[in-house]
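Below you'll find the structure, written out as structure tokens, and then a few comments.
The values are calculated or read from the model by the stated rules, or taken from the named source; none is laboratory data. Only a predicted model underlies this, so the values are computations on that prediction, with no experimental measurement involved. Every residue, glycine as well, gets a Cβ built from its backbone with ideal geometry; the counts of neighbours run over all protein chains shown.
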Amino acid sequence: MSLSERLDQIPPSGIRRLFELASRYPDAISLGIGEPDFDTPPHIREYAKEALDLGYTHYTPNSGLQMLRGALAGKLRSENSIEADPDRNIMVTVGANQAITLALAAFLRAGEEALIPSPCFVTHKAAVTIAGGSAVEVDTDESGGFSISSESLSRAVTKKTRCILLNSPNNPTGTVLSRKQLEEVATVAVEHRLRVISDEVYEALVYDGNSHVSIASLEGMADRTITINSFSKAYAMTGWRLGYIAADPASIEKMVKLQMYLDACPVAFAQYAAAKALGDPRSRKATESMRIEYQKRRDRIYSLLRGIRQFGVSKPGGAFYIFPGIGGMDDLRFSEQILEKAHVAVVPGSSFGAAGKGHLRIAYTVPSEKLEEAVSRIERVLPGIL
Ligand SMILES: Cc1ncc(COP(=O)(O)O)c(C=O)c1O
């Protein structure tokens, strides 16, 4: 099947559709968008200006600036316990979004299957289709805290299975996999000789004193894991379009080849600023203060939603999403109704796969007062919807 035909198979994004609808209501509170409401910290913006003045206005190597890959190697070693050679194991990408497609395209062959714990980030399924593979959703549910079990993963493995696509902390559920849970996934991967693509873009947003674990750092996983990360969420740099990949040299070589033909390289001055940001202690401080604010909002929205009798809600451990169940109601109809009647935009859970049905994804990327206002608007219109 040609790429054009595969693109026809990908349904339009439910998130985009909701935003189009929401634009009709100027007073709408949007809890739909998955991006930080903070601006990029000032010192990082200054580094971008400095880069322009220094002449970072040309193409860079296809794999990204050497200075950024070097800084990333240090970060991966100290924060993720991943040993990566800047010249062989690391490449800089145009956001994590593109990195996901590059990663799948690097090894998936036509018809091979990728296991994806569901609900899942919309790009993950689409990227498998673009790469010519077949996405197999492995359902998780609220009673299990949306964690993936090794039994359900093993059950889904067939002769065609080639990889597992992991995302912890998770979009849309906010679930954080513990070291033990990751070890179980690693055991399945090793036993069935599967690759793991680990999307870790929310690694900096983990709450309650827990910390993020990279599956590539676990025994037997270094060579079979493609780790994907980004500056978007940790540094509030979504518009800079800057991500990165750590992987084995053969995969990096192939992904760099594809990036070369797609966009030559990520933006030069953004790369310079990111490299400087990694070496500047102010960046860590900025991330930490955003994390603390998100955790406060998480606590607030969790307690507000628990107050709605019809909703079932589990407390997310990371990212900036909460994923309440809405008591068996149709999530598409429900989100349209609260948009029309309460002017609150949320994303229907079924946009994130079959296991998301009957849920809503709420992004707490607005201040707490707005969360309060949104929930009281929803409560007001609820009797007319039920
Ligand atoms: C799980 C996940 N991965 C990747 C991305 C894309 O990140 P980037 O802005 O780096 O392309 C997002 C963005 O929402 C996301 O939620």
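What to note about this one:
- Of all residues in the range 91-120, those being surrounded by fewer than 24 Cβ atoms within 10 Å (Cβ to Cβ) and either hydrophobic (A, V, I, L, M, F, W, C) or within 10 Å of the ligand (Cβ to nearest atom) (or both) number 9.
- Residue within the range 289-301 that is under 21 Å from the mean Cα position of the chain (by Cα) and of a type in the set (Ser, Thr, Tyr) present: yes
- Whichever residue in the range 204-248 is assigned to a helix (DSSP H, G or I) and closer than 23 Å to residue 185 by Cα and, among such residues, is farthest from the ligand (Cβ to nearest atom): 217
- The listed residue being over 15 Å from the mean Cα position of the chain (by Cα), buried (at least 16 other Cβ atoms within 10 Å of the Cβ), among the small types (Gly, Ala, Ser) and farther than 22 Å from residue 6 by Cβ, out of 131, 186: 186
- Being among the hydrophobic types (A, V, I, L, M, F, W, C) and modelled with pLDDT under 95 holds for only one residue in 164, 148, 197, and it is 148.
So that you can scan it fast, the table gives a plain yes or no per residue for (1) assigned by TED's automatic domain parsing to the domain that holds residue 146; (2) over 19 Å from the mean Cα position of the chain (by Cα); (3) surrounded by fewer than 24 Cβ atoms within 10 Å (Cβ to Cβ):
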{"position": "178", "(1), (2), (3)": "yes, no, yes"}
{"position": "201", "(1), (2), (3)": "yes, no, no"}
{"position": "219", "(1), (2), (3)": "yes, yes, yes"}
{"position": "226", "(1), (2), (3)": "yes, no, no"}
{"position": "230", "(1), (2), (3)": "yes, no, no"}
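- Helices (runs of 4 or more DSSP H) wholly inside the range 1-77 that include at least 3 residues being within 16 Å of the ligand (Cβ to nearest atom), in contact (Cβ under 8 Å) with a residue 60 or more places away in the chain and not assigned by TED's automatic domain parsing to the domain that holds residue 92: 14-22
- Scanning the range 259-268 for residues that are touching a residue at least 12 places away in the same chain (Cβ under 8 Å) and surrounded by fewer than 21 Cβ atoms within 10 Å (Cβ to Cβ) turns up 260, 262, 263, 264, 267, 268.
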